[in-house]
Every structure is written in structure tokens, then in C-alpha cells.
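Read through the structure below, which is laid out as C-alpha cells, and then see the notes.
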Amino acid sequence: MSTSAIFHDSFYKFAHVSDVEGTAATLRELTATLTGSLLVAREGLNGTVAGTAAALDAFRAALARDARLAGCFTGIEFKRSPCTTPPFQRMKVHSRPEILPLGLPAGSAEVNAVGHVGLQVTPERWRELLDDPNVVVIDNRNHFEVRLGRFRNAVDPLVRNFRDFPAYIEAQLPLWQAEGKQVAMYCTGGIRCEKTSAWLHERGVAVLQLEGGILNYFARMPDAQRDWDGECFVFDNRIALDTRLHETAATAEQVYAGDPHEAWRLQRALRLDSPAEADAADPAERPSATPPP
């Protein structure tokens with residue numbers, strides 16, 4: 001393997017961050033040799049970074065050991081994939097009120113996902129759930145992502161933004177409960193499911209979630225193509241990955257074109273340096289469902 005080969009790491013950690021701006025400044029220093037996007041908030045860190053294997057390994061170690069981070073980001077699970085196309089053009093570190101807004105109505109209590117891991121399901125067990133008639137498997141991603149690829153038998157909620165997902169769950173949950181269904185959900189890397197399951201846990205609803213998301217399933221299951229139809233969208237210049245975590249030939253036009261609801265995403269993806277920037281430089285989700293002016 002060439003030492004100059006580029007790889008992509010995605011990761012997140014719900015943790016109590018007392019000094020958000022100070023943490024952001026430290027992260028800017030630690031990512032000086034990388035490209036990508038990091039979000040830091042009082043509730044933790046969400047990020048995607050790219051660089052050589054050595055540079056990424058050094059960043060991983062620094063996240064766990066740098067005294068300025070006060071141990072907030074130890075024990076992070078990283079998901080690494082190879083790159084043909086450089087995923088990002090620059091490095092951006094942003095501070096935000098949340099690393100992943102759930103979109104609850106104004107006045108709702110803040111969802112505390114710190115320390116909430118949820119009912120994690122291994123990839124091996126997940127395969128069994130896909131065929132269980134007593135389980136409803138929900139794709140916790142945007143419709144354009146689901147349209148590009150999904151697990152077999154999974155339900156597409158037809159949401160345009162993660163902030164719309166709670167309303168869908170609110171509407172459907174009574175029916176699933178009446179039918180005695182166990183709810184299971186998945187997303188790309190796990191963060192959307194973890195935030196959602198924390199919210200539902202506070203409401204007394206237990207939800208199964210795929211451990212490490214789609215990317216972990218692809219990494220752990222050599223025959224993942226048995227259970228996955230299509231490609232997996234990623235919020236960077238590679239656009240999409242196959243079940244072997246290799247970049248596909250998908251283009252932004254193929255992902256967004258033909259759907260008038262996503263025309264603004266396509267325009268931004270073509271105008272900006274990266275499809276990730278089309279979602280407001282957020283590694284997992286654009287913070288608002290309202291298209292920019």
C-alpha cells in the first residue's frame with residue numbers, strides 16, 4: 001500500500017463538552033494536515049476527515065490523548081474507507097448548538113444522547129432481523145439516500161431531512177405498537193439512529209439500531225451484497241460507495257436529478273467544492289430543511 005494513498009475516516013461521539021470554542025480551536029490544530037469537516041457542540045463531536053493512513057492514525061491518537069480535550073473523545077469507533085477521488089478540498093471545523101439537530105418542536109425538552117448507546121444489534125444479528133416478520137426496519141436517512149440504495153425489506157419514510165424524521169415516527173409508532181412490531185432502524189454511520197433512539201428512550205420506547213450503521217455492516221460482512229440493494233450515499237466528493245466500501249461511478253446529477261425537491265441540493269453540490277458542502281458543511285445532515293435563498 002502506498003504511503004501517500006488517501007483514506008476517509010468517519011466518526012462521532014456524544015460527550016459533555018464544557019468549552020466548545022476552545023475544543024474547536026484545538027481540533028483545528030490537530031487537523032492541520034487533513035481535509036474534511038468537524039462539528040463540535042456541547043453534546044459532542046461529529047466528523048469526517050481524509051488524509052494518509054499515518055496522518056489519520058496520528059489524529060485518532062491525538063483525539064484520545066491530547067490533554068486539552070480532557071478525555072472527552074476516548075473510545076470513538078472510526079470507520080475507514082479507501083479513496084480514489086479526494087473526498088474534500090479543505091479542512092473545516094465548526095462549533096454548533098448541536099452536532100445533529102433532531103428537529104423537535106420549539107419548547108421541547110433537549111434530547112440528551114450523552115451516554116446513551118441504545119439497543120445495538122451486530123451485523124450478524126441484523127441480517128436475521130431483515131427477515132423477521134415481527135420487526136419493522138426503518139431507514140433513518142433522507143429519501144434521496146434511500147433511493148440510491150437500502151437494505152432489503154427496509155421502509156423508506158420519504159423524509160427530505162433528518163429534522164422531519166421525528167414527525168414520521170410520531171405518526172407511525174401507534175400502528176407499529178398496535179401490531180406488536182419491534183422497531184429497528186439504521187443510518188450511514190450510526191449517529192442519526194443514536195440521537196433518535198435517545199429521544200425515543202426518553203419516551204419509553206426501545207428501538208433496535210444497527211451497530212456502526214451501514215458502513216460497519218459493509219466492513220464486517222464480506223457478503224453484504226446479499227442484503228443491500230444499490231449504493232450507499234456519502235456526504236463527500238466520492239458520492240457513493242459499494243458494499244466493499246469502494247467508490248462507485250455515481251454522480252451528483254444521478255443522485256439528485258429528477259427530484260424537484262432536491263434541485264437546490266444539486267445546484268449547491270455543483271456550485272460548491274463538495275456534496276458535503278451542499279448540506280451546509282455538516283458531515284451527517286444539513287441543519288435546516290429549508291433550502292437556502
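The values are calculated or read from the model by the stated rules, or taken from the named source; none is laboratory data. Keep in mind that what you see is a predicted model, and the values were worked out from it rather than measured. Here Cβ is always computed from backbone atoms with ideal geometry, including for glycine, and neighbour counts include all displayed protein chains.
Can you report the number of residues in the stretch 130-164 which are of a type in the set (A, V, I, L, M, F, W, C), touching a strand residue (DSSP E or B) at 6+ places or on another chain (Cβ under 9 Å) and more than 16 Å from D223 (Cα to Cα)?
Of the residues in the stretch 130-164, 9 are of a type in the set (A, V, I, L, M, F, W, C), touching a strand residue (DSSP E or B) at 6+ places or on another chain (Cβ under 9 Å) and more than 16 Å from D223 (Cα to Cα).
Quickly run through the stretch 77-87 and pick out the residues that are under 16 Å from the mean Cα position of the chain (by Cα) and either part of a loop (DSSP other than H, G, I, E, B) or surrounded by fewer than 14 Cβ atoms within 10 Å (Cβ to Cβ) (or both).
Residues satisfying the conditions are E77, F78, P87.
List the residue pairs whose Cβ atoms are under 6 Å apart, where the first residue sits in the stretch 244-256 and is on the phi > 0 side of the Ramachandran plot, the second is among the polar types (S, T, N, Q) and surrounded by 14 or more Cβ atoms within 10 Å (Cβ to Cβ), and the two are 6 or more positions apart or on different chains.
Between residues of the stretch 244-256 that are on the phi > 0 side of the Ramachandran plot and residues that are among the polar types (S, T, N, Q) and surrounded by 14 or more Cβ atoms within 10 Å (Cβ to Cβ), the close pairs are L245/S81.
Somewhere in the stretch 23-38, is a residue outside any helix (DSSP H, G or I), among the hydrophobic types (A, V, I, L, M, F, W, C) and within 21 Å of the chain's Cα centre (by Cα)?
The answer is yes; a qualifying residue exists.
Write out, first by first residue and then by second, each pair whose Cβ atoms fall under 7 Å of each other, whose residues are 6+ apart or on separate chains, and whose first residue, in the stretch 167-190, is in contact (Cβ under 8 Å) with a residue 24 or more places away in the chain while the second is exposed (fewer than 14 other Cβ atoms within 10 Å of the Cβ) and not in a strand (DSSP E or B).
From the stretch 167-190, the pairs are G180/N134; K181/N134; Q182/N134.
Hey, among V121, V117, which residue is at pLDDT below 95 and either exposed (fewer than 15 other Cβ atoms within 10 Å of the Cβ) or out of contact with any helix residue (DSSP H, G or I) (no Cβ under 6 Å at 6 or more places or on another chain) (or both)?
Among V121, V117, only V117 is at pLDDT below 95 and either exposed (fewer than 15 other Cβ atoms within 10 Å of the Cβ) or out of contact with any helix residue (DSSP H, G or I) (no Cβ under 6 Å at 6 or more places or on another chain) (or both).
Look through A240, A224, A219 and report the one residue that is in contact with a Cys (Cβ under 7 Å, 6 or more places away or on another chain), modelled with pLDDT of 95 or more and more than 30 Å from P174 (Cα to Cα).
Going through A240, A224, A219 in turn, just one is in contact with a Cys (Cβ under 7 Å, 6 or more places away or on another chain), modelled with pLDDT of 95 or more and more than 30 Å from P174 (Cα to Cα): A240.
Filter the stretch 216-228 down to residues that are under 14 Å from T122 (Cα atoms) and touching a Ser or Thr at 6+ places or on another chain (Cβ under 6 Å) and give me whichever is surrounded by the fewest Cβ atoms within 10 Å (Cβ to Cβ).
Among them, the one singled out is A224.
Between E231, E247, which is of a type outside the set (G, A, S) and in contact with a helix residue (DSSP H, G or I) (Cβ under 7 Å, 6 or more places away or on another chain)?
Being of a type outside the set (G, A, S) and in contact with a helix residue (DSSP H, G or I) (Cβ under 7 Å, 6 or more places away or on another chain) holds for just one of E231, E247, which is E231.
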